[in-house]
Amino acid sequence: MKLPVSWRASATAVVASVTLLTSGSIAGAAPADVEVAAAPDIPVANVKGHLNQLQSIATANGGNRAHGRPGYKASLDYVKAKLDAAGYTTSIQQFTSSGRTGYNLIADWPGGDANQVVMAGSHLDSVSSGPGINDNGSGSAAVLETALAVSRAGYKPTKHLRFAWWGAEELGLVGSRNYVNKLSSTDRSKISGYLNFDMIGSPNPGYFVYDDDPAIEKTFKDFYAGLGVATEIETEGDGRSDHAPFKSAGVPVGGLFTGASRTKTAAQVTKWGGTAGQSFDRCYHSSCDTTSNINDTALDRNSDAVAYAVWKLSE
């Protein structure tokens, strides 16, 4: 999630009964008693595998995956190779920011109504001070594994699915803004929803849902109600991540967040556990944002929520 800056305004899937998930997922990672579109359980081990790769990339490239640095391009190449092998049509959008070349990665799943596009995205860049494993390897890895799950399932949604990994978010939403600005008004109108995932594995996590499009918001709240996990409206990062350019362009948006530099209250500890008076992520924008800076339960739940929403909103 990008730093605050003064110049920016702060089914066709088969419907099946979800069964208790007893493998590949932390207990309580999916609702057991509600009827939902048949989204798969996203194995948290797979998501963490992607995070390990992003950590290795950062370690080999000066300790970060920031815009214009070799670690960012290596991260993009890693994600693109996975998607190409899974049958996606991928494209790289190039832009310039702060005198350096940046890249967005867009991946389209074949089929579905091209006049109704459901997008899920996350920023792939870190700050220059650290590897950015929670911010935002967590969102990037969950979106990637959901995209790979679409391929494994041979999912044929009614709507068209598109996934995106944005560059230079930490410099002011540069990549996502560049993408949206280059869309024609017709193409913008075809996007029925954009889902954003930025910091979804914070070590002292909260469960926050964006207060934006009502249908998208309800989808995430329904998922968490099925888990018996309370949610709160996300306020800390409002307008500070890649959903903002889409929202400004009139696209319905929503997303999830587990908290950054704000501190967890005693009331929130009662709901979610963790430590009161401590930041949701003490390593926010720091060198300690490594693979040790992830709460597995939050990462698992939110990864499953990504898949749930992608299936539900595209069926």
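The values are calculated or read from the model by the stated rules, or taken from the named source; none is laboratory data. Predicted model only: the values in this text are computed from it and were never measured. Positions of Cβ are backbone-derived with ideal geometry, glycine not excepted, and every protein chain shown enters the neighbour counts. Surface accessibility is based on the protein's heavy atoms, side chains included, excluding ligands, DNA and RNA. Shrake-Rupley method; radii C 1.70, N 1.55, O 1.52, S 1.80 Å.
Among the numbered criteria (1) at pLDDT below 95; (2) under 25 Å from His50 (Cβ atoms); (3) exposed (fewer than 15 other Cβ atoms within 10 Å of the Cβ), which one does Glu234 miss?
Answer for Glu234: the failing condition is (3).
Filter the stretch 80-104 down to residues that are hydrophobic (A, V, I, L, M, F, W, C) and over 13 Å from Glu169 (Cα atoms) and give me whichever is farthest from the chain's Cα centre (by Cα).
Ala85
I'd like the full set of residues that are small (Gly, Ala, Ser), farther than 18 Å from Phe163 by Cβ and either in contact with a Pro (Cβ under 7 Å, 6 or more places away or on another chain) or surrounded by 22 or more Cβ atoms within 10 Å (Cβ to Cβ) (or both), limited to the stretch 179-214. Outline the logic, then answer.
So the first thing to find is which residues in the stretch 179-214 are small (Gly, Ala, Ser), and the list is 184-185, 189, 192-193, 201-202, 206.
Checking the rest, the ones that are also farther than 18 Å from Phe163 by Cβ come to 184-185, 189, 201-202, 206.
Once the filter is applied, which keeps residues that are small (Gly, Ala, Ser), farther than 18 Å from Phe163 by Cβ and either in contact with a Pro (Cβ under 7 Å, 6 or more places away or on another chain) or surrounded by 22 or more Cβ atoms within 10 Å (Cβ to Cβ) (or both), the stretch 179-214 yields Gly201, Ser202, Gly206.
Residues of the stretch 274-292 being touching a helix residue (DSSP H, G or I) at 6+ places or on another chain (Cβ under 9 Å) and surrounded by fewer than 24 Cβ atoms within 10 Å (Cβ to Cβ), which ones?
Matches in the stretch 274-292: Gly274, Thr275, Ala276, Gly277, Cys283, Tyr284, His285, Thr290, Thr291, Ser292.
Answer yes or no: is there a residue in the stretch 71-79 that is hydrophobic (A, V, I, L, M, F, W, C), modelled with pLDDT of 50 or more and either over 20 Å from the mean Cα position of the chain (by Cα) or open to solvent by 40 Å² or more (accessible area, probe 1.4 Å) (or both). Break it down stepwise before answering.
To start, the set of residues in the stretch 71-79 that are hydrophobic (A, V, I, L, M, F, W, C) comprises 74, 76, 79.
Cutting the leftovers down to modelled with pLDDT of 50 or more gives us 74, 76, 79.
Pick out the ones that are also either over 20 Å from the mean Cα position of the chain (by Cα) or open to solvent by 40 Å² or more (accessible area, probe 1.4 Å) (or both) and you get none.
No, because not a single residue in the stretch 71-79 is hydrophobic (A, V, I, L, M, F, W, C), modelled with pLDDT of 50 or more and either over 20 Å from the mean Cα position of the chain (by Cα) or open to solvent by 40 Å² or more (accessible area, probe 1.4 Å) (or both).
Looking at this structure, is Gly68 at pLDDT 95 or above, of a type outside the set (S, T, N, Q) and open to solvent by less than 70 Å² (accessible area, probe 1.4 Å)?
yes
Residues to consider are Ala260, Ala244; find the one that is in contact with a Ser or Thr (Cβ under 9 Å, 6 or more places away or on another chain), assigned to a helix (DSSP H, G or I), crowded, with 17+ Cβ neighbours inside 10 Å and not aromatic (Phe, Trp, Tyr).
Ala244
Those residues that are under 25 Å from Val180 (Cβ atoms), surrounded by 16 or more Cβ atoms within 10 Å (Cβ to Cβ) and out of contact with any Asp or Glu (no Cβ under 8 Å at 6 or more places or on another chain), I need them from the stretch 83-101; list them, please.
Leu83, Gln93, Phe95, Ser97
Can you name the residue in the stretch 119-164 that is part of a strand (DSSP E or B), in contact with a helix residue (DSSP H, G or I) (Cβ under 6 Å, 6 or more places away or on another chain) and not aliphatic (A, V, I, L, M) and is also most open to solvent (accessible area, probe 1.4 Å) among such residues?
Lys159
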